[in-house]
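Working notes, structure below.
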Amino acid sequence: MFEKGAKVGIYGSSFDPVTNVHLWTASTVAHRKKLDFIIFLPSSDKRRDKQLQTGDAHRSEMVQLAIRENSKFMLDTYEFQALPGKHYTYYTMEYLKDILPDAELYFIMGADLLVDIAAGEWMMAEELIRSNQFIIMARNNIDMLGTIAKSPLLRNYDDGRFQLLDKGLSMEISSTYIREELSRGGEPRYLLPTSCYNYIKNHHLYHNKSSKIKE
């Protein structure tokens, strides 16, 4: 699919909905780390650790609308079809390495997730860390170097596979904030791509926080 040596970032999130901050983050990471492509990887609504407000079809369509004008951005919905127990990030990365054997893959995550891994909250964490490379984005004054140093798991694999990135600008508007605004009649129009905003309005998404729409 890609030329040998292509550098590809894997950006996993709920994208419920995708926001302008997601796009800005992906663009910043690609530019700063000289990545050739970013693959947006929405989480499945079947995951027990995710409380999603919209189904897979809606979220994948919104990501597709959001990224369609950037040739470096791609969508992969592998986790939507993953069998129970196979939706963990380790398996996702193994799948991507199988279909992109000539690419150099980097899993992109926030420093808060690094803290969760260090605390033992991720399934198959050691397998994931042992066999992949990572781009870690600074978040909420988390000491990334300290987190790695204090974790036996992380520090014993600290051989250059963790690339730490401070984006230089704090932009923390979340999907949760947008959902809450929409559910209460707010107007978060300019916090997400216009195409996604229109899609949400046309499909009446997020008006009822307790609803989970599948199509």
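The values are calculated or read from the model by the stated rules, or taken from the named source; none is laboratory data. Bear in mind that the values here come from a model prediction, so they are computed numbers and not experimental data. Here the Cβ is made from the backbone with ideal geometry for all residues, glycine too, and neighbour counts use every protein chain on show. When the accessible area is computed, the model is the full protein with side chains, heavy atoms only, and any ligands, DNA or RNA have been set aside. Shrake-Rupley method; radii C 1.70, N 1.55, O 1.52, S 1.80 Å.
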Q. If you scan the stretch 21-47, which residues turn out to be surrounded by fewer than 16 Cβ atoms within 10 Å (Cβ to Cβ) and within 19 Å of Gly110 (Cβ to Cβ)?
A. Trp24, Ser27, His31, Arg32, Lys33, Arg47
Q) What residue, of Ser27, Ser43, Ser13, is polar (S, T, N, Q) and farther than 22 Å from Glu181 by Cβ? A) Ser27
Q) Under 8 Å by Cβ, and 6 or more places apart or on different chains, what pairs join a residue from the stretch 83-105 that is closer than 20 Å to Ala30 by Cβ and surrounded by fewer than 16 Cβ atoms within 10 Å (Cβ to Cβ) with one that is modelled with pLDDT under 95 and of a type in the set (Gly, Ala, Ser)? A) Asp102/Gly5; Glu104/Gly5
Q: Test Asp159 against the stated conditions and say whether it is under 20 Å from Val29 (Cβ atoms) and exposed (fewer than 14 other Cβ atoms within 10 Å of the Cβ).
A: no
**Q.** Subset of the stretch 167-181 [in contact with a helix residue (DSSP H, G or I) (Cβ under 9 Å, 6 or more places away or on another chain) and assigned to a loop (DSSP other than H, G, I, E, B)]
**A.** Lys167, Gly168, Leu169, Met171, Glu172, Ile173, Ser174
Q.
Please list, ordered by residue number, the helices (runs of 4 or more DSSP H) wholly in the stretch 1-112 having 2 or more residues that are β-branched (Val, Ile, Thr).
A. 20-32, 56-67, 89-99
(Q) Being over 23 Å from Lys34 (Cα atoms) and of a type in the set (Val, Ile, Thr) is true for just one of Val63, Val115. Which residue is that? (A) Val115
Q) If a residue has to be open to solvent by 50 Å² or more (accessible area, probe 1.4 Å) and within 19 Å of Thr28 (Cα to Cα) to count, how many in the stretch 114-140 make the cut? A) 3
